[in-house]
Structure formats: structure tokens, C-alpha cells
Amino acid sequence: MRLPEPLRHTWAVASKDLLIEFRSRTAIISAAMFVVLVLLVFTFARDPTAVAAIDLAPSILWVTLTFAAVLALNRAFQLELENQALDGLLLAPIGRSSIYLGKLIANLLFVGTVELIGVPLLALFFNISVWPYAAPLALVIVLATVGFVSVGTLFSAMTVRTRVSELLLAVLVLPFMIPPLMWAARATGPLLAGRPLSDITGWLKMLAAYDIVFVGLALLLFPATVNE
Amino acid sequence: MRLLRAGRWITGIALLLLAGVYVRALAYTPMERMQGMAQKIFYLHVPAAIWAETAMILVGLASVFYLFLKDPRLDRFAAASAEVGTVFACVILTTGPIWGKPIWGTWWSWDARLTLTLFLFLLYMGYMLLRGAVSDPGERARFAAVLGICGMVLVPFIHFSVYMFRTLHPMPIVLKPSTPSLPPVMLATWLMSLGVFSLLYVGFVIQRYALSYLREQLEAAGEARNA
Amino acid sequence: MLLAEQLHHSFGAVKALDGISFSVRPGQTLAIFGPNGAGKTTLLKVLAGLIRPQKGRAHVEGGRRAIGWIGHQAQLYNQLTVRENLRFWASLYDVVPPPELLARLGLEEHADRPVRALSRGLVQRVAIARALVHDPAVLLLDEPFTGLDRTAAETLGRLLAQHADAGGGRATVLVTHNVEEGTGLATDVAFMRAGRFVHFGPRAGRGAQQVSEEYRNAIA
């Protein structure tokens, strides 16, 4: 049974991106190191007697994940610059949405891998218990990450050929990351304190609404960023 | 150029009227019982904030139409609206704290309107930076349109976030309008102010639009000569 | 097979295409000669569907699936091997790379080396393989001979001839400012200047020398 064409093409683009990233490994290792170092910065910057780790944990987690996501976003279209491979993608009989979705999926998996490293490290450094709440926490993280990365992937297509592309991308995308970041941080606090999932459904709904709106919008707008 | 002159006239008149509204707000409108002098800022800031936000929505709408119609006039309008929106946002962000400090004791409070305006300012800056970073005019218009639409769609989410933020962190209110039922005198002043700011927006946008158009003509003439 | 009708396109104040109309029938190889800035690349991009013309339309029978593009950029991924590159590009056209493709281009021994480890000449050959991987009916070439070494140029010439002879409705459009190299392959010739054709017609047995002269006269 063959998958329908758009899905096959999307997966072809995504798997190609992932193959390149995990073959060279520079990007993923750098991103992971960055997360470790940011957590270290937080550890040494804070006064352990002032605020309890558990109160600060959601903020630290989400600041770290936000910055890690921003750094990871640029790679998606950077890959296509070298030999103008993007033109090849546009010449091929594939929908523009397949290109966007493929890049989105690759970005999500990339950032997801970084998150898989960051969250246990946070638990370790700040001595908080995360494992019992792993499932609901994963849900919050997934919802917020989709929000960050959907907008970021769209914008990275526009900034990749500008001069200070990484910095410009960060400046453009951070205002869009702040609402989901806020809701996710608000949702994480109660979870880490052991409260049930039903307590945070409001935040989850907002995150889901944001994701649906912006993934949809990005799909609609992506062709405008690549078609002349 | 006719449009530019018209724009200058409108802006000039609007600035005069602005001074008029200012005087009226300070001297001729009764002081509000509970908040006193501080409440007066609401006559100037709220209309300005409304226009800072409306400018963003207009950028978004113009961008949507641009992507369908590809008319460069829509792009020029979007750019003009964004610049004017930035100016309004800057004015609110600088005069707000200056007004608030002697009365509230703090330079900055995460007041709903101030925070929203700060977000708008960041979105505007991003928009201008993106425009500045792309040299090809067609690409620049397309990219700006994409960003403009995203900015417009973000605004309701920002409203929600700021509302939630304030609900969880009660803080001094700087720009809240007074009780829902405004006495007629105050309402009149406020509406006058809203009208003046609308005129100011229109005047500025027309000027900026005209300047954009003139610059494009100049560049085209230069290119044609060099080609 | 390939049709262009009243194409107009400007970039700002510069008019790249100023009312171009022509058609290419199966079996034809059209060589378009023109100086830099004549609008040749823009024309090709419109034919390929990369640019939507402001006025007029272009149509290629079979759509994007039937088009192969060879330009100055390789459109390859440096970190992937030759085989992986070909397999990826083929998958976008829903085919697998034909087994003899590597052999035709002399790439068999390099198949599992990453592209970044290859010499420039080899990369050019891989780029050609990439363009041919889905057996396109129409080949569009943008300054294909620029920077090619001897071997690569000969290989390209050979492949283009094979493509044209393959029968079953093949066509080629090649744009270049190098009249000498392009003439030999062409069945039809066009001169382009400032967005228009100043000459369009069969080569009719004229040699590279002759066409060159006519070109210089027409463009001067």
C-alpha cells in the first residue's frame, strides 16, 4: 500500500534533511551542548537560597527550550543554499506544502531530540522530579514546540539569504514564541507540583488553538516565500 | 507632488487639533474623582494605542490583498502604515512611563495596554528590519506581506496572553479608562481625541506613501539612465 | 510540446521579457544565444515554471514531471553520496534511478562517495545525472558549458545528442552566450537581445562559424 503522493514527498524531504543532519552530527551536538551550557548558566546565576528550584524550573525550562529552538531553526533552509538545491525542489512535481511540511517535521524531530536531552538534564541539575509527570509534560512540550517551529520554519525560508540571517530570524520569531512560551510555562508549573492534567486544560487548549492557526497559516503563506 | 502636499496639510491640521484636544483634556474636562490627574492620560494614550494596533491590522489586511493582487500600491501602503504604527507605539512607550512615574512611582508597569503596545512595537521593528534586509523589491514585498499577515494574526493571541498575565500578576493600572459610563463631557473629549488621532494617522500615512512613491520613481529613473 | 505565448516580465524597471512567443516541437533542439542580461535565464525559468510571467503564458507538455534542468548550480547535497542524491531526487518524481545511469556518466566507482569529496568535473557529471534521473522529455539548459572541463563538456554533448536521438518526443532548449559550443547540437537557433528574439529559425546546416557571424551582426 503506497501512501498518497503529498505524504510520500513530505517524508522524502523530511528524511533527506534528517539524514544530512544526523550524518554530519555537528548541528545536533552543538544544539545539545548549547542546552547544557544554558542550564549551567542558570545554575550558577541563581541564588539557591532565594527561590526554590521547583518554583523556578518551569521558567528555566522554557527559556532554555525557546532559545534552543531558535538556534535550530536556521538549519532547515541553510541546507538548500549550498548548491541551490531549493530550485531543484521547486522544479520537481511536488507541492510547495510538501516542502514546508517536510522541513517542519525535520525541524520538530531535531528540536525534539534536543528537548529529550535538555529535560532530563534540567531534572538532574535542579533536583526536581520529572519522570512521574513525563506523559503530560511531553504533551505540553510537543504542543508548544509545534507552535514555535511552525512559525520559525516559515520565517527561516525568508531570512536564510539575508546578511545576518540567524539574528534576524531570532528577532522576527521571538515575539511569536512568547505567547505559547507563557502558556506552556504556566502549564508546566502545576504539572511538576503533581497536579492532574485536568487543571491545565485551559492552557492546553490555547496551545492547540495556536498550533492549528499557525500551522494552517504557514501552509497558506509558504508558497509566497519561495515562488517568484 | 499633490499627494505629499495633501498629506502635509492633513498632518498639520491634525497636530493643531491635537494641541487643542490636549488643552481641553487638561483644562476644560473635569477631573476624575478617584484617579485624579493620572486619568487624563487616557484621553491621549488610548486613542494612540488604538491606532497603533489598528495600523498593524491594516498592515495585515493590505498584505493579504497584496498577495492576491500583487499591486505595489498595497505594499507601499503596508510599509507606510507600519512606519506610522511604529511611531505611535514609540510615543506611547516613552510618554506612558514619563507620565506614570510621578503619579504611580514606577517607570514601568506591566499594564495591559503598555504591554500590548510593546509587543506591537517589536512586531513593527521586525517588519522594518525584514524590509531593510531584502534588496529585491518583489521579494521584499512578498516577504513583508507574509510577516505582516502573521503579525496581524498574532494580535488576538497577544491580547489573550496579556490578559492572562495581568490576571495572575495584578499591578497598577496606568491606562485603564474610568468607569464604563463616562459622563458626556469626558466622552466628548475622548471622541475628539480619537478623531484627531485618526486624522493624524491618515496624514502621516499619506505623506509616507507619497515619499515611497517618489523614491521609487527616482530609483527607476536612475536605473533607466544607467541601463 | 513546448509553447510560449506573449511572455512579458519585468524586475522593477528592467524588462526581462518583452513579448516572446515561440514553440518547440518534439525532436527539436533550440539553442538561444544572447548576451548577458538579455533575459535568457528568465525565459528558461518561466518555461520551467519557476517564475510566473506577469503577462502571457508558457506551457510544457507533461508539466514539471517532464522537465529536466541543467544550470550552473549543481542542485546537490554535499553531505550525501552520489547514490543518495540520485535516489532522493528520483523519489520526488516517483521513480527510482535507472541502473545504467551511473555507468553512462562514468560515475560507478564514485557512487558511494559524498558529493563534497568529488572534484569539480565529477560534480558536474553528477549534476547531469540528477537532471536525467527521471528520464525527462524536455531538457532545459542554462549556460551548461560554463566552467566545464574537457571531459565533462564532451560527456554533456554526447548525452544531449543521445537525448535528442532517443525518440519518443524529446525536445531540448539551451541558452548560452557561447555560440560556438551551442551551434553543433542545435536543430533551431534563436538570437535574443533585451527581452526579444531578433532571429528565430532552423539552423539549416549552417556551421558554428557562420552562425557566430550572423549573431555578432544581429546583436551588435
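The values are calculated or read from the model by the stated rules, or taken from the named source; none is laboratory data. Being a predicted model, the structure only gives us computed values, none of them experimental. Here the Cβ is made from the backbone with ideal geometry for all residues, glycine too, and neighbour counts use every protein chain on show. The area values use the complete protein model at the heavy-atom level, side chains included, leaving out ligands, DNA and RNA. Shrake-Rupley method; radii C 1.70, N 1.55, O 1.52, S 1.80 Å.
Listed here are the residues, each with its yes/no results for (1) outside any helix (DSSP H, G or I); (2) surrounded by 20 or more Cβ atoms within 10 Å (Cβ to Cβ); (3) in contact with a helix residue (DSSP H, G or I) (Cβ under 7 Å, 6 or more places away or on another chain).
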position: B:ARG113; (1), (2), (3): no, yes, yes
position: B:LEU122; (1), (2), (3): no, no, yes
position: B:GLY132; (1), (2), (3): no, no, no
position: B:ARG142; (1), (2), (3): no, yes, yes
position: B:ILE149; (1), (2), (3): no, yes, yes
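Hey, could you check the stretch A:58-76 for residues that are more than 11 Å from A:VAL38 (Cα to Cα) and open to solvent by 20 Å² or more (accessible area, probe 1.4 Å) and say which is farthest from the other protein chains (Cβ to nearest Cβ)?
So the residue we want is A:LEU71.
If you check every pair at least six apart or on different chains, which have Cβ atoms under 7 Å apart with a residue in the stretch C:63-76 that is at positive phi first and a residue that is hydrophobic (A, V, I, L, M, F, W, C) second?
Partner pairs satisfying both residue conditions: C:GLN75/A:ALA85; C:GLN75/C:ALA127.
Test A:ASP55 against the stated conditions and say whether it is part of a helix (DSSP H, G or I), open to solvent by 50 Å² or more (accessible area, probe 1.4 Å) and of a type in the set (Asp, Glu). Quick ask: steps written out before the conclusion?
Values: part of a helix (DSSP H, G or I): yes; open to solvent by 50 Å² or more (accessible area, probe 1.4 Å): yes; of a type in the set (Asp, Glu): yes.
It is true that A:ASP55 is part of a helix (DSSP H, G or I), open to solvent by 50 Å² or more (accessible area, probe 1.4 Å) and of a type in the set (Asp, Glu).
Given the conditions (1) touching a residue at least 40 places away in the same chain (Cβ under 8 Å); (2) more than 13 Å from chain A (Cβ to nearest Cβ), and given that C:HIS110 satisfies all but one, which numbered condition is not satisfied?
(1)
Please enumerate the residues belonging to the stretch C:138-158 that are in contact with a strand residue (DSSP E or B) (Cβ under 7 Å, 6 or more places away or on another chain) and in a loop (DSSP other than H, G, I, E, B).
We begin by selecting, within the stretch C:138-158, every residue in contact with a strand residue (DSSP E or B) (Cβ under 7 Å, 6 or more places away or on another chain); these are C:138-145.
Those that are in contact with a strand residue (DSSP E or B) (Cβ under 7 Å, 6 or more places away or on another chain) and in a loop (DSSP other than H, G, I, E, B): C:GLU143, C:PRO144, C:PHE145.
Give the residues of the stretch B:193-220 that are more than 15 Å from B:ALA62 (Cβ to Cβ) and open to solvent by less than 60 Å² (accessible area, probe 1.4 Å), sorted by residue number.
Those that are more than 15 Å from B:ALA62 (Cβ to Cβ) and open to solvent by less than 60 Å² (accessible area, probe 1.4 Å): B:SER193, B:LEU194, B:GLY195, B:VAL196, B:PHE197, B:SER198, B:LEU200, B:GLY203, B:GLN207, B:ALA210, B:ALA220.
Please pick out the residue among A:LEU79, A:LEU109 that is open to solvent by 10 Å² or more (accessible area, probe 1.4 Å) and over 21 Å from A:VAL215 (Cα atoms).
On the way: A:LEU109 fails: over 21 Å from A:VAL215 (Cα atoms).
A:LEU79 is the lone residue from the list that is open to solvent by 10 Å² or more (accessible area, probe 1.4 Å) and over 21 Å from A:VAL215 (Cα atoms).
C:GLY121: out of contact with any Pro (no Cβ under 8 Å at 6 or more places or on another chain), within 20 Å of C:LEU156 (Cβ to Cβ), away from chain A (no Cβ under 12 Å) and in a helix (DSSP H, G or I), yes or no?
Values: out of contact with any Pro (no Cβ under 8 Å at 6 or more places or on another chain): yes; within 20 Å of C:LEU156 (Cβ to Cβ): yes; away from chain A (no Cβ under 12 Å): yes; in a helix (DSSP H, G or I): yes.
Judged against the criteria, C:GLY121 is a match.
Go through (1) over 20 Å from the mean Cα position of the chain (by Cα); (2) farther than 22 Å from C:THR176 by Cα for C:TRP89 and report which single condition fails.
In the conditions (1) over 20 Å from the mean Cα position of the chain (by Cα); (2) farther than 22 Å from C:THR176 by Cα, C:TRP89 misses (1) alone.
Being under 16 Å from the mean Cα position of the chain (by Cα) and either touching a residue at least 40 places away in the same chain (Cβ under 8 Å) or at negative phi (or both): is that true of B:VAL196 here?
Values: under 16 Å from the mean Cα position of the chain (by Cα): yes; either touching a residue at least 40 places away in the same chain (Cβ under 8 Å) or at negative phi (or both): yes.
For B:VAL196, the condition - under 16 Å from the mean Cα position of the chain (by Cα) and either touching a residue at least 40 places away in the same chain (Cβ under 8 Å) or at negative phi (or both) - is met.
Would you check which residues across the stretch C:167-212 are open to solvent by 30 Å² or more (accessible area, probe 1.4 Å), aliphatic (A, V, I, L, M) and more than 17 Å from C:GLN28 (Cα to Cα) and list them?
C:ALA194, C:VAL198, C:ALA208
State yes or no: is C:LEU47 within 12 Å of chain A (Cβ to nearest Cβ), assigned to a loop (DSSP other than H, G, I, E, B) and modelled with pLDDT of 90 or more? First the steps, then the outcome.
Working: within 12 Å of chain A (Cβ to nearest Cβ): yes; assigned to a loop (DSSP other than H, G, I, E, B): no; modelled with pLDDT of 90 or more: yes.
It is false that C:LEU47 is within 12 Å of chain A (Cβ to nearest Cβ), assigned to a loop (DSSP other than H, G, I, E, B) and modelled with pLDDT of 90 or more.
Please give the number of the condition B:SER63 fails out of (1) assigned to a helix (DSSP H, G or I); (2) among the polar types (S, T, N, Q); (3) open to solvent by 60 Å² or more (accessible area, probe 1.4 Å).
Single failed check for B:SER63: (3).
For A:LEU18, which of the numbered conditions (1) within 13 Å of chain C (Cβ to nearest Cβ); (2) under 18 Å from A:SER150 (Cα atoms); (3) open to solvent by 60 Å² or more (accessible area, probe 1.4 Å) fails to hold?
All conditions are met except number (3).
Considering (1) at pLDDT below 90; (2) under 22 Å from A:ARG96 (Cα atoms), say which one C:GLN162 fails and leave the rest.
(2)
So which of C:ALA131, C:ALA127, C:ALA161 ends up being surrounded by fewer than 16 Cβ atoms within 10 Å (Cβ to Cβ) and part of a helix (DSSP H, G or I)?
Values: C:ALA131 fails: surrounded by fewer than 16 Cβ atoms within 10 Å (Cβ to Cβ); C:ALA127 fails: surrounded by fewer than 16 Cβ atoms within 10 Å (Cβ to Cβ).
None of the others qualify; the one that does is C:ALA161.
Do we find a residue being open to solvent by 40 Å² or more (accessible area, probe 1.4 Å), without any contact (Cβ under 8 Å) to a residue 40 or more places away in the chain and within 9 Å of chain A (Cβ to nearest Cβ) anywhere in the stretch C:22-35?
Initially, the stretch C:22-35 is screened for residues open to solvent by 40 Å² or more (accessible area, probe 1.4 Å), giving C:23, C:25-27, C:35.
Checking the rest, the ones that are also without any contact (Cβ under 8 Å) to a residue 40 or more places away in the chain come to C:23.
Filter again for within 9 Å of chain A (Cβ to nearest Cβ), leaving none.
The answer is no, given that none of the residues of the stretch C:22-35 is open to solvent by 40 Å² or more (accessible area, probe 1.4 Å), without any contact (Cβ under 8 Å) to a residue 40 or more places away in the chain and within 9 Å of chain A (Cβ to nearest Cβ).
Okay, residues lined up against (1) out of contact with any Phe, Trp or Tyr (no Cβ under 9 Å at 6 or more places or on another chain); (2) modelled with pLDDT of 85 or more; (3) open to solvent by less than 10 Å² (accessible area, probe 1.4 Å); (4) in a helix (DSSP H, G or I):
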site	(1), (2), (3), (4)
B:GLY20	yes, no, no, yes
B:TRP51	no, yes, no, yes
B:ARG76	no, yes, no, yes
B:VAL91	yes, yes, no, yes
B:ILE98	no, no, no, yes
B:THR106	yes, no, no, no
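Could you say which residue among A:LEU40, A:LEU101, A:LEU71, A:LEU86 is farther than 22 Å from A:LEU169 by Cβ, part of a helix (DSSP H, G or I) and of a type outside the set (Gly, Ala, Ser)? Spell out the reasoning first.
Numbers: A:LEU101 fails: farther than 22 Å from A:LEU169 by Cβ; A:LEU71 fails: farther than 22 Å from A:LEU169 by Cβ; A:LEU86 fails: farther than 22 Å from A:LEU169 by Cβ.
Checking each option against the conditions leaves just A:LEU40.
Would you point out the residue of the stretch C:72-92, among those that are outside any helix (DSSP H, G or I), open to solvent by 20 Å² or more (accessible area, probe 1.4 Å) and under 16 Å from C:ILE128 (Cα atoms), that is nearest to the other protein chains (Cβ to nearest Cβ)?
Narrowing the stretch C:72-92 to residues outside any helix (DSSP H, G or I): C:72-81.
Restricting the remaining residues to those that are open to solvent by 20 Å² or more (accessible area, probe 1.4 Å) gives C:72-73, C:78-79.
Then keep just the ones that are under 16 Å from C:ILE128 (Cα atoms); that gives C:72-73, C:78.
Working: C:HIS72: 9, C:GLN73: 4, C:ASN78: 6 Å.
Across the stretch C:72-92, the extreme among qualifying residues is C:GLN73.
Taking only the stretch B:87-107 into account, find how many residues are within 10 Å of B:ILE41 (Cβ to Cβ) and small (Gly, Ala, Ser).
Looking only at that region, the number is 2.
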